[in-house]
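Participant: I am attaching a structure below and will ask some questions about it afterwards.
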Amino acid sequence: METVNMKLQMRILETHLETKDRLIRNLEEIIDEQETRISNMEEFIQGRRDSYVGQSTILKGISVLSWDFGQLSDENLKLKQALAVAQRQIRMGTLVETDEDYESDLTSEDRFRVSPTPQKSYEEKAKQLVDGHNLKKLKRMAEELKNEKDELKRLAFDTKEAFSVCMAEVKLMLESKTMDFFQVLIARYKAEMEKRRQLHNQLVELNGNIRVFYRIRPQLGDCKETPALSIDSMDHGIVHLTTNIGKKSSHSVDRIIPTHFTQQQIFDEISPIITSCIDGYNVCIFAYGHTGSGKTYTMEGPSTDPGINQRALQQLFETVTDRDGDIDYTINVSMIEIYNEKLKDLLTPSTSTLCIRQGEDGRTSIPGLTEQNVDSLNAVTETLNRGKKNKAIAATDANKESSRSHVIVRVTVIATNRITNRATVGRLNLVDLAGSERVSQTNATGQLLNEAKAINKSLSELGNVVLALRQNNKHVPFRNCQLTRFLEDSLNGESKTLVMVHLSPDTSALTETISSMNFAEKIGQVQTKTAALQRGTPQRRSSLVQKPKSDSNSVGSPKK
Ligand SMILES: Nc1ncnc2c1ncn2[C@@H]1O[C@H](COP(=O)(O)OP(=O)(O)OP(=O)(O)O)[C@@H](O)[C@H]1O
């Protein structure tokens, strides 16, 4: 057993050894095999290594090439941009366009579009690249310049803005300063004018209380022409006349009544003169002017808006009614018409004419002249209407045109002191003169020519009388016509006279307007020194005609 066992063990050992040997052999084979493989691998690797060097050279070459291409592409882009800039500069230079024009011309697409460039050599490209730098510089400079230009533009705009603001402020300041200064000057000027007017009024009183006013009639109907007359805005005592050939002249009288004045406003202006007849003054108010200048409108006026005649009588009546005391007042009204040097009584129509007589005392009287006593406002209106009606009848009888006669409303105010029985008489003559148009203008012949001559003569004589009175002449030519003869008592002595010269603003009436202005200037002349010296200090020399109640002068009997 043991042997068998031994044998078995030997056998196992041998098998084991055999297996071991086999394994070792196999391993050696494997190692050999592996070594062969390794050597093969090494060979392969060696071979590979060589080819790798070649490959890396190639890769390197590729990389260099791509870098070159990249650079070339950059350069290409730059060149294209430089080209675009160059093209732009060329265009700017040749077309002389504004930046805005240029910018608007070049669309953003145009600016960035890469235009196909011809194939060029590297040297050329390099050269272009160099040029491109210059262009780049130029472009930068151009941009800087543009920025500067924009900045300057902005600056100029800002400066302009600031300048206009400054100018506006300065203008405002100057305007306000000038306005202030101007206002002060105007105020001073007006104060001086007022002073001048007051002095003038004093002078007028020294020279016999004769005043000349202008009343400018408004334009009638839908007349649109520029008025030939305008009142000076700085001095309402001056009127400018512009002729149809553009010649301008200025005229001055004591007062110019603005066109827009109402009948009441005009009456308010002259009412102090009117009421002075209650205190014994003789007052004459004349309406002078050519046909259609507004004389009758001023004196008579429409029934809805009466003129001076009715307002004056009304005021006199109201004033004497209001006055209490020891004095009885009587108001008598006469109305006469002087046509062709003949006097007619308008309150008692008759075919016979009235005559002016002169008494031994030098006073004038008119025998047969109606003197209507008015003791109520109704009586005033009734009397004036009667006279107006008779005037219209007379107009159809003798003179077709009412303006061819002088119409006088004479109001006599007799103030009688109840205690002393002494009476004072004041007279108010409201005269609507005949039209002053010149004979040459009327183309008159025959009867009309005689009328025109008579009118012209009487108006001219009236002018002479007023002028003589104003100049304090020793001789006053009252006797040269019926009008001045009739008014002699009223114009002489302590009297107040107002001549309202009526002017038309119509260019068609220029000749007549100038003639009326000449008349106004003639009677408005003032001889200051001589007059003042001759007259001395003005005294309220009695115009009070003191006479007993029984005196049978032309004055009506005082009311008892
Ligand atoms: N201040 C005025 N406002 C409105 N209308 C006026 C004014 N003055 C005159 N008129 C109008 O002008 C026209 C002529 O006026 P008016 O008859 O008074 O002139 P006149 O000088 O008296 O003329 P004549 O000498 O022919 O009588 C009238 O129709 C009158 O109503």
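Participant: The conditions are (1) open to solvent by less than 10 Å² (accessible area, probe 1.4 Å); (2) closer than 28 Å to residue 323 by Cα; (3) away from the ligand (no atom under 11 Å from the Cβ); (4) not charged (D, E, K, R), and residue 310 fails exactly one of them. Which is it?
Facilitator: It is condition (1) that residue 310 fails.
Participant: So in the range 80-94, with the set limited to residues that are at pLDDT below 70 and of a type in the set (A, V, I, L, M), which one is surrounded by the fewest Cβ atoms within 10 Å (Cβ to Cβ)?
Facilitator: Filtering first and then ranking leaves 90.
Participant: One residue is enough: does the range 460-473 have a residue meeting the conditions modelled with pLDDT of 50 or more, in a loop (DSSP other than H, G, I, E, B) and over 44 Å from the mean Cα position of the chain (by Cα)?
Facilitator: Within the range 460-473, the first condition is being modelled with pLDDT of 50 or more, and the residues that meet it are 460-473.
Among the residues that remain, those that are also in a loop (DSSP other than H, G, I, E, B) are: 471-473.
Narrowing the set further to residues that are over 44 Å from the mean Cα position of the chain (by Cα) leaves 472-473.
Yes.
Participant: Need at least 1 residues that are farther than 24 Å from residue 484 by Cβ and of a type in the set (Lys, Arg) per element, so show me which helices (runs of 4 or more DSSP H) inside the range 257-349 make the cut, counting only ones lying wholly within it. Talk me through it step by step, then tell me what you get.
Facilitator: Details: elements: 263-275, 295-299, 308-322.
Those helices (runs of 4 or more DSSP H) span 308-322.
Participant: Here's something else I'd like to know. Answer with yes or no whether residue 298 is within 15 Å of the ligand (Cβ to nearest atom), crowded, with 23+ Cβ neighbours inside 10 Å and not small (Gly, Ala, Ser). Break it down into steps so the answer makes sense when it comes.
Facilitator: Working: within 15 Å of the ligand (Cβ to nearest atom): yes; crowded, with 23+ Cβ neighbours inside 10 Å: yes; not small (Gly, Ala, Ser): yes.
For residue 298, the condition - within 15 Å of the ligand (Cβ to nearest atom), crowded, with 23+ Cβ neighbours inside 10 Å and not small (Gly, Ala, Ser) - is met.
Participant: Of the numbered conditions (1) touching a residue at least 60 places away in the same chain (Cβ under 8 Å); (2) away from the ligand (no atom under 16 Å from the Cβ); (3) assigned by TED's automatic domain parsing to the domain that holds residue 314, residue 271 satisfies every one except a single condition; which is it?
Facilitator: Evaluating residue 271 over (1) touching a residue at least 60 places away in the same chain (Cβ under 8 Å); (2) away from the ligand (no atom under 16 Å from the Cβ); (3) assigned by TED's automatic domain parsing to the domain that holds residue 314 leaves (1) as the failure.
Participant: Let me ask you something else. When the residues of the range 250-264 are narrowed to those that are within 11 Å of the ligand (Cβ to nearest atom) and under 26 Å from the mean Cα position of the chain (by Cα), which ends up surrounded by the most Cβ atoms within 10 Å (Cβ to Cβ)?
Facilitator: Only one residue tops the list, namely 257.
Participant: Is there any pair with a first residue in the range 165-179 that is without any contact (Cβ under 8 Å) to a residue 60 or more places away in the chain and a second that is polar (S, T, N, Q) and open to solvent by 90 Å² or more (accessible area, probe 1.4 Å) whose Cβ atoms are under 6 Å apart and which are 6 or more apart or on different chains, and what are they?
Facilitator: From the range 165-179, no pairs qualify.
Participant: Further question: Out of curiosity, is residue 424 in contact with a Leu (Cβ under 7 Å, 6 or more places away or on another chain), away from the ligand (no atom under 15 Å from the Cβ), at pLDDT below 90 and not in a helix (DSSP H, G or I)? Break it down into steps so the answer makes sense when it comes.
Facilitator: On the way: in contact with a Leu (Cβ under 7 Å, 6 or more places away or on another chain): yes; away from the ligand (no atom under 15 Å from the Cβ): yes; at pLDDT below 90: yes; not in a helix (DSSP H, G or I): yes.
Spelling it out, residue 424 is indeed in contact with a Leu (Cβ under 7 Å, 6 or more places away or on another chain), away from the ligand (no atom under 15 Å from the Cβ), at pLDDT below 90 and not in a helix (DSSP H, G or I).
Participant: Now a separate question. Of the conditions (1) away from the ligand (no atom under 16 Å from the Cβ); (2) surrounded by fewer than 21 Cβ atoms within 10 Å (Cβ to Cβ), residue 344 satisfies every one except a single condition; which number is it?
Facilitator: With (1) away from the ligand (no atom under 16 Å from the Cβ); (2) surrounded by fewer than 21 Cβ atoms within 10 Å (Cβ to Cβ) applied to residue 344, the lone miss is (2).
Participant: What pairs come up if the first residue lies in the range 397-411 and is over 15 Å from residue 456 (Cβ atoms) and at pLDDT 85 or above, the second is within 9 Å of the ligand (Cβ to nearest atom) and part of a strand (DSSP E or B), and their beta carbons are under 9 Å apart, counting only those six or more places apart or on different chains?
Facilitator: 407/432; 408/432; 409/432
Participant: Can you find a residue that is farther than 30 Å from residue 420 by Cα and either within 16 Å of the ligand (Cβ to nearest atom) or surrounded by 15 or more Cβ atoms within 10 Å (Cβ to Cβ) (or both) anywhere in the range 274-286? Break it down stepwise before answering.
Facilitator: First, pick out the residues of the range 274-286 that are farther than 30 Å from residue 420 by Cα: 285-286.
Narrowing further to those that are either within 16 Å of the ligand (Cβ to nearest atom) or surrounded by 15 or more Cβ atoms within 10 Å (Cβ to Cβ) (or both): 285-286.
Yes, the conditions are met somewhere in the range 274-286.
Participant: Looking at 221, 246, 237 in this structure, which one is at pLDDT below 85 and surrounded by 13 or more Cβ atoms within 10 Å (Cβ to Cβ)?
Facilitator: Details: 221 fails: surrounded by 13 or more Cβ atoms within 10 Å (Cβ to Cβ); 246 fails: surrounded by 13 or more Cβ atoms within 10 Å (Cβ to Cβ).
Only one candidate passes the filter, namely 237.
Participant: Residue 291 - would you say it is open to solvent by 50 Å² or more (accessible area, probe 1.4 Å), within 12 Å of the ligand (Cβ to nearest atom) and at pLDDT below 90? Let's see the steps before the verdict.
Facilitator: Working: open to solvent by 50 Å² or more (accessible area, probe 1.4 Å): yes; within 12 Å of the ligand (Cβ to nearest atom): yes; at pLDDT below 90: yes.
In short, yes.
Participant: To continue, here is another question. Restricting to the range 482-505, name every residue that is open to solvent by 30 Å² or more (accessible area, probe 1.4 Å) and within 30 Å of the chain's Cα centre (by Cα).
Facilitator: Residues satisfying the conditions do not exist here.
The values are calculated or read from the model by the stated rules, or taken from the named source; none is laboratory data. In this text, all values refer to a predicted model and were calculated from it rather than measured experimentally. As a convention, Cβ positions derive from the backbone with ideal geometry for all residues, glycine included, and neighbour counts pool all protein chains shown. Quick note on the areas: whole protein, heavy atoms, side chains included, nothing else; ligands and nucleic acids left out. Shrake-Rupley method; radii C 1.70, N 1.55, O 1.52, S 1.80 Å.
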